[in-house]
Structure formats: structure tokens, C-alpha cells
Amino acid sequence: MAFNLKPIADRIIVRRESADDKSAGGIVLPDSAKNKPQRGTVLAVGPGRLKKDGTRTAMQLKAGDRVLFTSWAGDEFQDRKASKGDGEILVMHEGDVMCVIS
């Protein structure tokens with residue numbers, strides 16, 4: 001796992017899919033013109049949110065799930081060991097995920 005991160009509470013770690021290098025018409029896009037994909041793969045999940053009674057809510061996601069998330073979701077980190085096309089690492093709340101892609 002990137003950075004040896006272990007999420008806490010209801011947080012998850014997601015590797016964002018890399019952006020397309022070309023437009024639909026075949027034009028090569030510079031980094032500044034690429035839209036960041038809102039899809040990624042879950043790398044790790046936390047134990048769940050701690051409730052007032054001391055129990056934890058069950059996480060709905062698991063490592064390996066491909067997910068679709070909101071555009072403002074998470075905090076981005078660069079994995080220095082990853083190649084350029086591998087995408088960024090995001091740490092986000094489980095609630096920022098809209099759905100699992102099957």
C-alpha cells in the first residue's frame with residue numbers, strides 16, 4: 001500500500017484512475033487541460049465510525065472496490081514510488097463515495 005497508510009474511523013484510501021492523455025478527437029492534452037477522473041480503486045478502509053455507545057458502524061466498502069466519488073472528495077497525496085500514470089492517492093470519508101462500479 002502507498003505510504004503504508006492505515007485509515008482510521010470511516011476513512012478510506014483510494015487510488016484515483018489516471019486521466020486520459022488524448023481527447024476523443026485524438027488531440028494530446030497537456031496536464032493543465034485534463035479533467036481529474038472521479039473514479040478509483042479502494043486500497044484500504046478504516047474500522048468504521050465510532051458511535052456514542054462505543055460500537056462501530058460497519059463499513060460498506062472493502063479493499064479492491066472500484067468506486068465513483070464526488071469531485072471535491074478527499075485530500076490528495078502523490079505516491080513517489082508510483083509511475084506517472086498510476087494516479088494519485090486520496091484519503092476520504094466513506095460518505096464521499098457515491099457508488100461502487102461493478
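Derivation of every value follows stated rules applied to the coordinates shown; laboratory data play no part. All of these numbers come straight from a predicted model, not from anything done at the bench. Cβ: placed from backbone, ideal geometry, glycine included. Neighbour counts: every protein chain shown.
For ARG66 and HIS93 in the same chain, what is the full-extension length gain: residue separation times 0.36 nm, less their Cα-Cα distance, in nm?
Computed gain between ARG66 and HIS93 is 8.2 nm.
Which order, highest average first, do 95-102, 61-68 follow once you tally other Cβ atoms within 10 Å for each residue and take the mean per peptide?
In descending order of packing, they fall as 61-68, 95-102.
Test of understanding: ordering GLU17, GLU76 by Cβ neighbours within 10 Å, fewest first, what list do you get?
By the 10 Å Cβ count, ascending, the order reads GLU76, GLU17.
Check which residues have an amide H placed less than 5 Å from MET59's amide H, if you skip close sequence neighbours.
For MET59, whose amide H was placed from the backbone, there are no distant partners under 5 Å.
Between ILE27 and ILE101, how many nm apart are label points set 7 Å from Cα along the C-beta direction?
2.4
Summing +1 for each Lys or Arg and -1 for each Asp or Glu, what net charge is found among the other residues whose Cβ lies under 12 Å from the Cβ of HIS93?
-2
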